Amino acid sequence: MSINRSSADAPLTPSGVPLPKVTMPALGEMKRQGKPISALTAYDYPTARLVDEAGVDLILVGDSLAMVVLGQENTLTVTVDEMLHHTRAVRRAVRRALVVADMPFGSFHGAIADAVANAVRFVKEAGAEAVKIEGPRVELVRALVNAEIPVVGHLGLTPQSVNRLGGYRVQARTADAVLELQADASALARAGAGVIVLEGVPREAAAQITAALSIPTIGIGAGSDCDGQILVFHDLVNLTFSAAAKFVRRYADASALFRSAIEHYREDVEHRAFPSDAESYHSTAGKAMGAVGRQAMSSAAPGEDFDSDEAVVNPDAFEDWPS
Ligand code: KIV
C-alpha cells in the first residue's frame, strides 16, 4: 500500500498552480477580503487527504471523533492520547489546509500551565498548527497565544458542556444571551484567538457577532452569515448511523456505497467468485507441488509465473511475499 505524499500533491488552482499553505493569519485575510472559509473535520489519513486535496481551508481533528469514530455516547471521554494519535494521522495527510486539534474535555480545565503543556503536546508531538478550546476561557487563550500556539475559540453550543446545559440545545435565544455571547467572543478575540467557531446559535445572533468581530467566525448550525462553515465529515457523507441535525446537509451516502461494496465482496467470497485467477499469483515450481497445486497451475495463463510483473497487483504487497 502506498501512502507517501510529496508537495506536488498540494491542491491546485484551476490554472494548475499549487494553492498556498493556509495559516491562521491567512484566515483573517480571507475575512477582510470577504472570502468564505471552508472547514471540515477529519480524524484519519485517507479522509484528511481527501478533504485537503478538495481544497478545504481548515481541517479540525474534532473531539467529535469520540462519537463518530470511537462510538462513544458523547465527547467527554476521549483522551489527550487518543486525540494525539488521530491528529498525527491527519497531519501526515495534509499539505495545504490549516490543521487544528481539539483540546478534549479535562485537558484545559485545571491550571493554565497544565493546559498550555497539553496544548504544546498537540503542536510538538502531532504537528497541529492551532488548538481549539471550548468556552470563554480568556486567560487560557492569552497564555496559549503567548506560548506561540494559535487558538480557535468555540462558543454557543459547546458539546463538552452537555451535562451543564442539560442537552444539545440551541444557545443565545434571548437578547441578553446574545449580548453575553458577543462579549465572550470579543474577549476571546482581544486575548488573541484567531478564529471563533459558533455552534448552535440563531442565525441573527451569529450575523451580529460576525459583523462585530475583526477575526473570522466559522459556523455550525449558526446560519449563513458567518465568515465560514464547518461540518463533521461523517455527517456530510452519512456515516453516523443516526438522524441528521437540521443544520447538516448530506452531500453523499457513503453508508449505502460501503454497504453495497461489502455485501458484494461477501457474496463473491461465498460463491468463490473472488479472487479470480488473474488476481492470484502463480508459481513455476509446479513439479514440486501436489495434485491440487498442479491443477491450479494448469488454469494459469501461459508464461505467468511468480516473478511476472503482470501478476503483481499491489507492488508493496509483493515485496512482502517470500521469494
Ligand atoms: O468536535 C467537533 O467536531 C467540533 C466541530 C463540530 C466544531 O467541535
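A short reminder: the numbers here are calculations on the coordinates, not readings from a lab. Here the structure is a predicted model, which is why all the values come from computation and not from measurement. Don't worry about glycine lacking a Cβ; one is built from the backbone with ideal geometry, like all the others, and counts go over all protein chains shown.
Each label point was placed 7 Å from the Cα along the Cα-to-Cβ direction; for N74 and V170 their separation is 2.1 nm.
Tell me the relative contact order for region 176-258 as a rounded percent, counting alpha carbon contacts under 8 Å between residues six or more apart. Reported relative contact order: 21 percent. Under the rule a/c < 1.5 gives rounded, and otherwise a/b versus b/c splits prolate from oblate, where does region 7-236 land using the Cα gyration tensor? Because its axes are fairly even, with a/c under 1.5, region 7-236 counts as rounded. Treating cross-link reach as a plain straight distance, find the lysines whose alpha-carbon is under 24 Å from the alpha-carbon of K21, omitting any fewer than eight places away in the same chain. Hits, sequence-local ones excluded: K31, K35, K124, K132. If R0 equals 51 Å, the separation of the Cβ atoms of A113 and R259 corresponds to a calculated FRET efficiency of about 0.60.
Under 13 Å from a point placed 7 Å out from the Cα of H85 along the Cα-to-Cβ direction: which residues of region 17-44 have their backbone N that close? Taking a point 7 Å out along Cα→Cβ of H85, the residues of region 17-44 whose backbone N falls under 13 Å are 44.
The residues D102, D52, D277, when put in order of fewest to most other Cβ atoms within 10 Å, stand as D277, D52, D102. Given R0 = 35 Å, the distance between the Cβ atoms of A252 and E204 translates into a calculated FRET efficiency of 0.70. Each peptide in 131-140, 250-259 gets a packing score, the mean of other Cβ atoms within 10 Å over its residues, and the list from highest to lowest is 131-140, 250-259. Note on D184, D114: ascending count of other Cβ atoms within 10 Å places them as D114, D184, the fewest first. Computed extension length for L19-R190: 58.6 nm, one decimal, from 0.36 nm per residue of separation with the Cα-Cα distance subtracted.
Rounded to the nearest 20, the Cβ-based charge dipole of the chain about its Cα centre (Lys and Arg +1, Asp and Glu -1) stands at 1140 debye. Taking the fewest neighbouring Cβ atoms within 10 Å as the starting point, the ordered list for H86, H154, H282, H271 is H271, H282, H86, H154.
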